[in-house]
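Right, one structure below, let's go through it.
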Amino acid sequence: MRMLVNTFCAAVNGLEVNAVKVEVSMSRGVQFHLTGLADTAVKESYDRIKAALQNNGLKMPVMDITVNLSPADIKKEGSGYDLPLAIGILAANGKVEADHLSEYMMVGELGLDGRLQPIRGALPIAIKARADKFKGLIVPKQNIREAAVVNQIEVYGMETLMEVIQFLNGSKEVSPMMIDTRREFYEQQSHFELDFIDVRGQESVKRALEVAAAGGHNLIMIGPPGSGKSMMAKRLPSILPPLSLSESLETTQIHSVAGKLSRDTSLISQRPFRAPHHTISQVALVGGGQNPQPGEISLAHNGVLFLDELPEFSRSVLEVMRQPLEDRHITISRAKYSVEYPCSFMFVASMNPCPCGYYGDPTHSCACTPGQIQRYMNKISGPLLDRIDIHCEIQAVPFSELSKMQKGEPSASIRERVIKARKIQEERFKSFKGIYCNAMMTEKMLHEFAEPDAASLEMLRTAMERLKLSARAYSRILKVARTIADLAGNEKVESMHIAEAIGYRNLDRGDWAERGV
């Protein structure tokens, strides 16, 4: 029997991971003491460990057991401490060999039958274990694939507490999990269930989506019910540039911390598409809670956040998105913690043009007054609308025409043009840290890379006066025009690029609610 034994695990706070030393000390007595700023789930581990030991023919030592989770000033949350606590107690009691415990980090929740249950954050924990020079990481079998993504460390997936005990005692050989991460990652990048080849007609909307994908621009689609807004938005990831390995690793970490990875997932290979319901709360959207978790905007990092029926979302929920859209990260500060999550995503929204949904629809009559339409549009604040570069009107395609149309252009062809335009932007912004697409350009960069010639400037001035465009539309038009020029392979922004970009600012028109009434 040893009087003091150390095992090692990890505490996850946001995307930050801290190594935790589990110090187990035994002396004469019958009490159990747990110190180190543990939450309720960690404190309840004693009962789970006791039942798991009894159901596997072992006994909790009848001793005075003191456990300290060091460093003691970092909050410990969740049930992932069960395994290192149980092994520490057994090692202090002489049931587990303690000679090699310092070589392994271990995490896992114990069921009452001794089976290991999955935990959140296995991927960032594996990255931390490698950084701290541990030989190996022991995780539940269900977390093995996401943890094994990390190379240069042995990752063992275990099913039961007894299997861990036998492994540490040397009575059972377990092979570490080996995954060819790069092969799996690149194999899955081009397989999409949804493709633009299924979209008949709507060429102007598909063009707007292509421009948005090429420049990383936020986009809103306005049209009547059944016009295909949601259908086309769901196909947007199929034309976005493929994830790089570093982007994939960052995205997978967020989903790992949130517990959103399936068992057979190692690395997320396709850009996320998140479409929360309009009843979502502020906390669910931006993240936080009693135990801080990433919200939908962070789960959409490096992908698409789609808000269908935008005016139906609570105004307070929409307003909290304004800063993250600009900063591309969200800091959540509470009395007991402060965490930061990345949230660099394409914001795509859709909405009806009026309360009844049929304003401007040639096949249905609209019963709304201009005042009702204006109030409906005012549910979306100017500052939020200011962060949306492309406004795209869409009309439903009649069935008589729909049945005659040929299949649309496949996503792969559109994606090729988008990737080509993105490579131009990568080269242009290679000396600017944190800037990799046209949507991120500052005002100073607009003057350097998207300055229109005299004829284009005159066209823009005339359009702003005649169409009553707001002042905030100016820089948005230049950013979108720069992307259109990149798609065309033009070095300079010309009048035809400005003309197309002007057509994507419909909601800025001062007479929008009066048209067609």
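The values are calculated or read from the model by the stated rules, or taken from the named source; none is laboratory data. Here the structure is a predicted model, which is why all the values come from computation and not from measurement. Positions of Cβ are backbone-derived with ideal geometry, glycine not excepted, and every protein chain shown enters the neighbour counts. Note: accessible area is taken over every heavy atom of the protein model, side chains too, but ligands, DNA and RNA are not part of it. Shrake-Rupley method; radii C 1.70, N 1.55, O 1.52, S 1.80 Å.
Using the structure shown, decide if SER381 is free of Cβ contacts under 8 Å to residues at least 12 places away in the same chain and either out of contact with any Ser or Thr (no Cβ under 9 Å at 6 or more places or on another chain) or not aliphatic (A, V, I, L, M) (or both).
The answer is no for SER381.
Rundown of residues vs (1) of a type in the set (Val, Ile, Thr); (2) open to solvent by 30 Å² or more (accessible area, probe 1.4 Å); (3) touching a Phe, Trp or Tyr at 6+ places or on another chain (Cβ under 6 Å), yes/no style:
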site	(1), (2), (3)
ALA10	no, no, no
SER27	no, yes, no
VAL30	yes, yes, no
ARG48	no, yes, no
ASN55	no, yes, no
ASP64	no, no, no
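Within region 66-77, residues that are over 15 Å from GLN290 (Cα atoms) and assigned to a strand (DSSP E or B) reach partners that are open to solvent by 50 Å² or more (accessible area, probe 1.4 Å) and basic (Lys, Arg) with beta carbons closer than 9 Å, at six or more positions or on different chains, in the pairs ASN68/LYS21; LEU69/LYS21; SER70/LYS21.
Considered as a group, the residues in region 113-142 that are open to solvent by 10 Å² or more (accessible area, probe 1.4 Å) and in a strand (DSSP E or B) include one that is nearest to CYS9 (Cα to Cα), and that residue is GLN117.
Residues of region 480-509 that are modelled with pLDDT under 95 and either in contact with a Phe, Trp or Tyr (Cβ under 6 Å, 6 or more places away or on another chain) or among the β-branched types (Val, Ile, Thr) (or both): VAL493, ILE498, ILE502.
Looking at region 315-328, which of its residues are open to solvent by 10 Å² or more (accessible area, probe 1.4 Å) and either polar (S, T, N, Q) or under 21 Å from the mean Cα position of the chain (by Cα) (or both)? Of everything in region 315-328, those that are open to solvent by 10 Å² or more (accessible area, probe 1.4 Å) and either polar (S, T, N, Q) or under 21 Å from the mean Cα position of the chain (by Cα) (or both) turn out to be SER316, GLU319, VAL320, ARG322, GLN323, LEU325, GLU326, ASP327, ARG328. Pairing each residue of region 4-22 that is polar (S, T, N, Q) with any residue that is in a strand (DSSP E or B) and open to solvent by 40 Å² or more (accessible area, probe 1.4 Å), provided the two are 6+ apart or on different chains, yields C-beta distances under 7 Å for ASN6/LYS21; ASN6/GLU23.
Right, GLU312: open to solvent by 70 Å² or more (accessible area, probe 1.4 Å) and at pLDDT below 95 or not? Yes, satisfied. Considering the conditions (1) in contact (Cβ under 8 Å) with a residue 12 or more places away in the chain; (2) outside any loop (DSSP other than H, G, I, E, B); (3) open to solvent by 50 Å² or more (accessible area, probe 1.4 Å), ARG207 is excluded by exactly one of them, (1).
Residues that are of a type in the set (S, T, N, Q) and in a loop (DSSP other than H, G, I, E, B) are absent from region 248-260 altogether. Can you run down the residue pairs with Cβ atoms below 6 Å, 6 or more apart or on separate chains, where the first is in region 268-280 and without any contact (Cβ under 8 Å) to a residue 40 or more places away in the chain and the partner is open to solvent by 60 Å² or more (accessible area, probe 1.4 Å)? These pairs meet every condition: HIS278/GLU312. Number of residues in region 143-156 that are closer than 18 Å to GLU184 by Cβ and not in a loop (DSSP other than H, G, I, E, B) equals 6.
Residues in region 281-297 that are surrounded by fewer than 18 Cβ atoms within 10 Å (Cβ to Cβ) and either touching a residue at least 12 places away in the same chain (Cβ under 8 Å) or in contact with a Ser or Thr (Cβ under 7 Å, 6 or more places away or on another chain) (or both): 5 in all.
Filtering VAL139, VAL174 for residues that are in contact with a strand residue (DSSP E or B) (Cβ under 8 Å, 6 or more places away or on another chain) and modelled with pLDDT under 95 leaves a single hit, VAL174.
For region 485-501, a residue qualifies if it is part of a helix (DSSP H, G or I) and either open to solvent by less than 20 Å² (accessible area, probe 1.4 Å) or of a type in the set (D, E, K, R) (or both), and the qualifying residues are ALA485, ASP486, HIS497, ILE498, GLU500, ALA501. Taken over region 250-267, the residue count meeting the criterion of being in contact (Cβ under 8 Å) with a residue 60 or more places away in the chain, in contact with a helix residue (DSSP H, G or I) (Cβ under 8 Å, 6 or more places away or on another chain) and open to solvent by less than 60 Å² (accessible area, probe 1.4 Å) is 10. Restricting attention to region 262-296, the residues being more than 26 Å from ASP39 (Cβ to Cβ) and either aromatic (Phe, Trp, Tyr) or not in a loop (DSSP other than H, G, I, E, B) (or both) number 2.
Among the residues of region 82-100, those identified as touching a residue at least 24 places away in the same chain (Cβ under 8 Å) and out of contact with any strand residue (DSSP E or B) (no Cβ under 8 Å at 6 or more places or on another chain) are LEU90, GLY94, LYS95, VAL96, GLU97, HIS100. Of all residue pairs spaced 6 or more apart or on separate chains, those with beta-carbon atoms under 6 Å, a first member in region 167-182 that is free of Cβ contacts under 8 Å to residues at least 12 places away in the same chain and in a loop (DSSP other than H, G, I, E, B) and a second member that is open to solvent by less than 90 Å² (accessible area, probe 1.4 Å) and of a type outside the set (Val, Ile, Thr) are LYS172/GLN166.
Considering (1) without any contact (Cβ under 8 Å) to a residue 60 or more places away in the chain; (2) surrounded by fewer than 19 Cβ atoms within 10 Å (Cβ to Cβ); (3) within 25 Å of the chain's Cα centre (by Cα); (4) more than 30 Å from CYS354 (Cα to Cα), the lone condition that MET231 does not fulfil carries the number (4). If only residues of region 460-484 that are closer than 30 Å to ILE424 by Cα and charged (D, E, K, R) are counted, the one that is least open to solvent (accessible area, probe 1.4 Å) is ARG482.
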